[in-house]
Amino acid sequence: MTDFRKRFNDSPGQALVEFALIITVLLMMIFLIIESARILWAWNTVQNAAREGARYAITGQSEAPNCAVDFGVPKFQVTDRDVCTDLRLASVIERTHEGLSGLPIDEQTTIFEDDNYYNIEVWGVDQSGQLQYDFAGNPSMPVIVRVTYRVPIITPFFRPIIPSIPVFGQETLNNETFGNLGGSGNEGAALPPNLPPVPTPGVTPSPTPSPTPSNTPTPGPSNTPTYTATPPRCDVEFEGSAVSGNNFVFVTGDVGITVSIINLTTGQTLGSGTLLGPFDGHACLGFASINLNPSLTSNEIGNVLLVFQNGVPDNADTTIIVGTPPTSTPTPTVTPVPTNTPTNTPASTNTPTPSAPYLTVSPDCGPGPTVQLNIRGFNWPVNQSVTVFWQGTQNIYQVAANQHTGSVSFVYTRNNVTTGTYQIQAISGVNGATSTVSFTVPCVNQPTSTPTPVPSATTAPADLIAVAPPKLISTPPIVAYQPLAFSVVITNTGTEPVDNQFFVDLFLDPTTILTDRIPLNQTDGYSAVSNLPGGASRVITITSPLGFNNDPTNHQVYGMVDSVRQISEASETNNITQPLPMSNVTPGPTPTPTTVGNGVNEVSGFAIIVTEKFIPQYRAIIKLINGSTVIAATSTDINGYYIFNNVPAGVYSVSACISIDNEDWYGVLNGIVPPNDLAYIGMFKGPCP
């Protein structure tokens, strides 16, 4: 009886102890579920708000005729961020803010760590292809709306560990083709009319591709067509190699998806980003350069990188880190090489510039059957027309009276040119002044490359050759350290076309001349060539920014085709021209080399050719400008990447320039405040200053 009472009296105390132990864990689990639900609710809310703001932004409209009175977002009226300067921007932020109405937000705080902090960011791509902050984007260009919110932790047990958790929402869409964004009154112009809803769903694809597989039509006698409900997924993949030393990789996939980069060998996450677009020229419509932190190193060569779409683990790709390309990035020469190469060739003597009307042709000889000539005329009467004839009969160029300044210039291409000498004649008015120059096929005493005989059924491989010595285009007198323009004639003696971009370089007084090349660090100017068909020739104009040094005599000028060795040729020993000897150089003041400075910041980015697609450009000349002074210059690597180190604090501009097929491509980005590793420069066809 005593043992029974003892056991009975001990049971409540034991149960109470067990309950005390269990309730702590149980409450922790309950509160963890509650906090997780609050965080998930906040995340879903900011995602929806970003989506609503972006979908409103793409219409190009605004709904705040008086921002100071009607704009309903108090926070942005009490901070230094004045969004009322752009009513469309203000309206996008207002619409996004309405989507946050369910959250307890703090309209006053600007401190990221505070409870209930929020921020709305709008990024847009302008007509030059640059991503701008507080801008909703130009028509047909992407716009990004990003929302940040700080979720406070309310459970006393968890709050000392982490007071709040940030959640982010982001949406990227392409603007519709609405009217120009030049001022008030035209936002939303050219919007499509309100049309009745399409009865059959799925005809118009969603702006953001969905990973849902396409519906497969069921075979049968039905006459109603079955449409694909969603566009098929374009799997994410790396574009190009992951190169040691780079802090970026190129990725393509569906527009608007967010991807992450992981080093599978080490397990380290290197970066993430959103694919913009749509862009042509890639495996998918979305494309982005994803920044990596830390950068890839030579010790990681052979490691495997993984790219995957966030939340979709089966949408992934891998690549291997490789070493730096064997051809180093050339840097434009700041000071001309003072050492001259001795020559036994007599120096040419420049003749005085004629005062009467005259005509020049560059080159004056070359191989056929296709030739390209740079024809220029000087001193022609401005009150008379100028007409240029081929062989005295065929009119190949004409400019009316008072439509020229006394000088004319044009490029003329002619096919089916056989061996012989051809006359090019210019005449002013009807029976006015005349001038005649000759063009000869082939060049006299100029060896040409002969392709190795092959059976008639086999095409001859491409072989680029430099035909004749460079020809001076600039008008004398020649002054030291002043820009000089030359022309170089190149041809493809094979029948296979060259479809890849390559470079033609100019060398003034090089100190090293090898059998198959001149070292690229001695270049004094270059121009890119996009392609060259088999059997075709082309005249390439190249400007040397610094010209000759102060030595008045004994100068030699060489040209070289495929200077970066990018094209596989039948022969690599015929790419260098014979030298052009020059003298009579007037001394000039020696330029003072410029330096970046002793700062600690970095300015970097990519130079991109903007046509119907975005193409990173190799060897674009990049200048770092402070006010009107160029303080540094460099060139892009094979991925279009450039970097300036040791940049002092300040506000800078960065410009990019490249000549392709004798046409300049130029772009400039203003308002750069270092450090800045997103200074992407879009280059458009137009003269470089």
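The values are calculated or read from the model by the stated rules, or taken from the named source; none is laboratory data. Keep in mind that what you see is a predicted model, and the values were worked out from it rather than measured. So basically every Cβ, Gly included, is an ideal-geometry build from the backbone, and we count neighbours across all protein chains shown.
Worth pointing out:
- Among strands (runs of 3 or more DSSP E) entirely within segment 258-298, having at least 2 residues that are of a type in the set (Gly, Ala, Ser), farther than 20 Å from Gln132 by Cβ and in contact (Cβ under 8 Å) with a residue 12 or more places away in the chain singles out 268-274.
- The one condition from (1) surrounded by 21 or more Cβ atoms within 10 Å (Cβ to Cβ); (2) of a type in the set (A, V, I, L, M, F, W, C); (3) touching a Phe, Trp or Tyr at 6+ places or on another chain (Cβ under 6 Å); (4) closer than 22 Å to Gln566 by Cβ that Trp665 does not meet is (3).
- Scanning segment 360-395 for residues that are without any contact (Cβ under 8 Å) to a residue 24 or more places away in the chain and closer than 22 Å to Val417 by Cα yields Thr393, Gln394, Asn395.
- Checking the stated criteria, Asn639 turns out not to satisfy the condition of being at positive phi and touching a residue at least 12 places away in the same chain (Cβ under 8 Å).
- Conditions (1) modelled with pLDDT under 90; (2) surrounded by 14 or more Cβ atoms within 10 Å (Cβ to Cβ); (3) closer than 30 Å to Tyr412 by Cβ; number of the one not met by Glu612: (2)
- Listing of strands (runs of 3 or more DSSP E) fully contained in segment 510-604 that carry 1 or more residues being crowded, with 18+ Cβ neighbours inside 10 Å, under 29 Å from the mean Cα position of the chain (by Cα) and not small (Gly, Ala, Ser): 525-529, 537-544, 555-561
- Residues (of a type in the set (Phe, Trp, Tyr) and either surrounded by 15 or more Cβ atoms within 10 Å (Cβ to Cβ) or assigned to a loop (DSSP other than H, G, I, E, B) (or both)) located in segment 103-133: Phe112, Tyr117, Tyr118, Trp123
- Screening Val382 on (1) in contact with a Gly (Cβ under 9 Å, 6 or more places away or on another chain); (2) of a type in the set (Val, Ile, Thr); (3) buried (at least 17 other Cβ atoms within 10 Å of the Cβ) shows it passes everything except condition (3).
- Extreme residue, modelled with the highest pLDDT, among residues of segment 629-647 that are part of a loop (DSSP other than H, G, I, E, B) and touching a strand residue (DSSP E or B) at 6+ places or on another chain (Cβ under 7 Å): Thr636
- Single residue of segment 665-689 satisfying the filter (farther than 16 Å from Thr636 by Cα and part of a strand (DSSP E or B)) that is nearest to the chain's Cα centre (by Cα): Phe684
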